[in-house]
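Structure first, commentary second.
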Amino acid sequence: MYKPKNYENKLHLAHQGQIFQPQLTVVCWNVAKLTHTVSCANLLNHWLDRSASNLVLFQESRYQPEMVEPYCDLSWVFSANIETPRQHFGVQTLFDWQCDQSTGLITQRQELGLATHKTTLFTTHALAGGEPLLCANIHAINFVPNAYFYSEIARVLEQIKHHTGPILVGGDFNTWNAARVRFIEQQMALAGLQAVEHREPHFIKRFGRHRLDHLFYRGLTLEDAWVVNTARVSDHNPLIARFGVE
C-alpha cells in the first residue's frame, strides 16, 4: 500500500557547474507531511533563509507536480516512500551547488500495521580541489522489530562504506529505544563518522529520553551546531551545523 510505482527521483537542478565554497551550513529537518501547507512552506523558506543554508535534508517532505517552486532558490532532489493519486511524500535534499549523482534506496521491509516503506536519498556534490561529498538523507524505518531496523540501516551503510571522501549522514533515525541508539552509534563509529553535538539539545525531538534526529560527519571540520525551536512548523525542530571544507 502506498508504495511508489517507480523509484525515479524528482529533480530540480539549477546550480550545475557551480563549485562549492570552503564553508558548509547544513539543515536537517523532519518537516511533518501533515503540516506541509502553504503557510508552513513560507515558514520553511523563512528559516532556511535565516540559516543561509547550503545543504538541506528534509524528511516527510511533500511533492506535487504543480509544486515546482524551489525553497530559497535551492536546487533539489526528491525520493518518495509514499505515493497517493495526488501527491508523493518522502525525503528531499536541497543544495546551492552542483549535484553529480542521486540515488534513492527504499526499505525492503514495510512498517507493521501501516504497510509503508521508508527511503534514504544519496547525493554526491563536487568540492573544489578534493574528493566529492557524499550526503545520505535518511528517514529510518519505524514500527518494526529492532532486527529489521538493523538490517535496513546496514543497507544504508553498505552504500557509503566505499566512499573515500567527506560524508554527511543525517535525518530522522527513529531511535526511540536504547538498543537502536547503541546500534546507530556503534555502526557510525565503525564507518568513521562522528556525531554532531548541538547547542540547545533539549530542542531535539525525543521519544522518552532518546533523540530521534541525528547528524553524523566525516572528513569535515565542525565549526558550530545548534537547534532552532520552530514548533509552529513541525513537531521536530531543525538541526543546523556549520562545517569547514578543505
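Laboratory data are not the source of any read-out in this text; all were calculated from the coordinates shown. None of these values were measured; they are calculated from a predicted model. When we count neighbours, we look across all protein chains shown, and the Cβ atoms used for this are built from the backbone with ideal geometry, even at glycine.
Worth a mention:
- Chain lengthening between residue 178 and residue 190 when straightened (0.36 nm per residue, less Cα-Cα): 2.5 nm
- All C-alpha pair distances within segment 73-151, sorted into 5 Å bins from zero, spread as 3, 15, 22, 19, 16, 11, 8, 4, 1, 0 percent across the bins.
- Label-zone membership for segment 200-236, site residue 150, 7 angstrom Cα→C-beta point, backbone N under 16 Å: none
- Share of alpha-carbon pairs per 10 Å distance bin for the chain, given as whole %: 7, 34, 40, 17, 1
- Ellipticity estimate at 222 nm from DSSP helix runs (n ≥ 4, -39,500 (n - 2.57)) divided over the chain, nearest 500: -5500 deg cm²/dmol
- For segment 114-180, share of DSSP beta bridges that run antiparallel, in % to the nearest 5: 50
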